[in-house]
1. Only one of G184, G84 is open to solvent by 20 Å² or more (accessible area, probe 1.4 Å), touching a helix residue (DSSP H, G or I) at 6+ places or on another chain (Cβ under 6 Å) and farther than 25 Å from Y43 by Cβ. Can you tell me which?
2. Please enumerate the residues belonging to the stretch 130-152 that are open to solvent by less than 50 Å² (accessible area, probe 1.4 Å) and over 20 Å from the mean Cα position of the chain (by Cα).
3. Quick one: T164 ticks every box in (1) within 16 Å of ligand 4 (Cβ to nearest atom); (2) free of Cβ contacts under 8 Å to residues at least 12 places away in the same chain except a single one, so which number is it?
4. Condition first: assigned to a helix (DSSP H, G or I) and surrounded by 12 or more Cβ atoms within 10 Å (Cβ to Cβ). Now tell me which residues in the stretch 209-223 satisfy that.
5. Say whether the condition of being under 19 Å from the mean Cα position of the chain (by Cα) and on the phi < 0 side of the Ramachandran plot is met by at least one residue in the stretch 102-110.
6. Among the residues of the stretch 88-117 satisfying the criterion of being open to solvent by less than 40 Å² (accessible area, probe 1.4 Å) and in a loop (DSSP other than H, G, I, E, B), which is nearest to ligand 3 (Cβ to nearest atom)?
7. Of the residues S206, S234, S177, only one is within 25 Å of L261 (Cα to Cα), within 16 Å of ligand 3 (Cβ to nearest atom) and surrounded by fewer than 14 Cβ atoms within 10 Å (Cβ to Cβ); which?
8. Determine whether L201 is at pLDDT below 95, touching a strand residue (DSSP E or B) at 6+ places or on another chain (Cβ under 9 Å) and either among the aliphatic types (A, V, I, L, M) or away from ligand 4 (no atom under 16 Å from the Cβ) (or both).
Amino acid sequence: AKDLGKNNVQIFTSSMNIQTYKIFTLERDLRKAIQRNELELYYQPKVNVYSGEIVGAEALVRWNHPEWGLVSPNEFIPLSEETGLSAALSSWVKLTACQQNKEWQQAGLPAIPISINVTAKRFLFKDMVDSIQLVLRETGLDPQYLEVEITESSLLENEDAVMTTLDALNKLGVKISLDDFGTGYSSLSYLKRFRQKINTLKIDKSFIHDMHPGNDDNAIIHMIIQLAQHMNMSVIAEGVETEEQLYLLKQLQCDVVQGYLFSKPVQAAEFAEILKQGH
Ligand code: C2E
Ligand code: CA
Ligand code: CA
Ligand code: CA
């Protein structure tokens, strides 16, 4: 234990090198990852707090890297955008999620919407709506069972382009939810602008994390829930980990939650089991 200081320095410097090396290899391997079938979608249920029913799921991508094991999307999604691979990755996610959902429905499992995450950059690409339409046609999935999670930053770009894209998705019948709500800035002005086109507000998990009886943060959550209700939007809380958080959210009339309390994101086969059992 006395040598810890010295070892720490070594570990620190060598781990810096490892991190640099890791990013290098991830960048190098990402193109092949799709062809080699190393990407995998995990699914996390969205649960109605009153009935306990599963009312949806979020698809979250993972990379089973041969050297590094399971790699988090936080690590490789940004890399995909820097290396021009975000279109390929995004296509793979869309197709896989829609195919999977269609399969589950054909197997007689309850039909639920599955959401995919779309980065601000991808959201405003011209081909976004076309590629979604194509995937829906290809898989035969009813558009009401696809949901797109975008972040507030997607709405900050060119107003006309945002409006056109939202309109086109609305027209298709694909649902739109606003992810990480409350963490961006100038939220209210663009919410006012786009509110009719957005189905759901997703309260960011940082607010849920700080929920305790009597905490001031609860007031912010309360406000977001009321805002959603007034604007005729659904609201969902993400990152719900404890019974206490669930209890407080119920008191604030938040209908739908997602988080480790119910299930962490799981592999497709496991999710199918959860869906089969109901809750
Ligand atoms: P996000 O969209 O905000 O997703 C929620 C993250 O919170 C997920 O992390 C999820 O696993 C995690 N989470 C779920 N329940 C809990 C909980 O109770 N407590 C805590 N602390 N965390 C919880 P994950 O899967 O590592 O994804 C991280 C981010 O990567 C996502 O954040 C999303 O922005 C991005 N991402 C994931 N999959 C995709 C994808 O297919 N495409 C794109 N463009 N981005 C993706
Ligand atoms: Ca999300
Ligand atoms: Ca989120
Ligand atoms: Ca996030």
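1. On the way: G84 fails: touching a helix residue (DSSP H, G or I) at 6+ places or on another chain (Cβ under 6 Å).
Residue meeting the stated conditions: G184.
2. Going residue by residue through the stretch 130-152, those that are open to solvent by less than 50 Å² (accessible area, probe 1.4 Å) are 131-132, 135-136, 139-141, 143, 145-152.
Of everything in the stretch 130-152, those that are open to solvent by less than 50 Å² (accessible area, probe 1.4 Å) and over 20 Å from the mean Cα position of the chain (by Cα) turn out to be T139, G140.
3. Every condition holds for T164 apart from (1).
4. Start the filter on the stretch 209-223 by keeping residues that are assigned to a helix (DSSP H, G or I), which leaves 209, 217-223.
H209, D217, N218, I220, I221, H222, M223, listed by residue number.
5. If we filter the stretch 102-110 for residues that are under 19 Å from the mean Cα position of the chain (by Cα), which is where we start, we get none.
Scanning the stretch 102-110 turns up no residue that is under 19 Å from the mean Cα position of the chain (by Cα) and on the phi < 0 side of the Ramachandran plot.
6. Step one: of the stretch 88-117, the residues open to solvent by less than 40 Å² (accessible area, probe 1.4 Å) are 89-90, 93-94, 96-98, 100-101, 104, 109, 112-116.
Within this subset, residues satisfying the condition of being in a loop (DSSP other than H, G, I, E, B) are 109, 112-113.
On the way: L109: 25, I112: 19, P113: 16 Å.
Per the criteria, the residue is P113.
7. Answer to the selection: S206.
8. Values: at pLDDT below 95: no; touching a strand residue (DSSP E or B) at 6+ places or on another chain (Cβ under 9 Å): yes; either among the aliphatic types (A, V, I, L, M) or away from ligand 4 (no atom under 16 Å from the Cβ) (or both): yes.
The answer is no for L201.
The values are calculated or read from the model by the stated rules, or taken from the named source; none is laboratory data. For clarity, every value in this text was computed on a predicted model and none was experimentally measured. Glycine also receives a Cβ, built like all others from the backbone with ideal geometry; neighbour counts cover every protein chain displayed. In case anyone asks, the SASA skips ligands and DNA or RNA and just uses the protein heavy atoms, side chains included. Shrake-Rupley method; radii C 1.70, N 1.55, O 1.52, S 1.80 Å.
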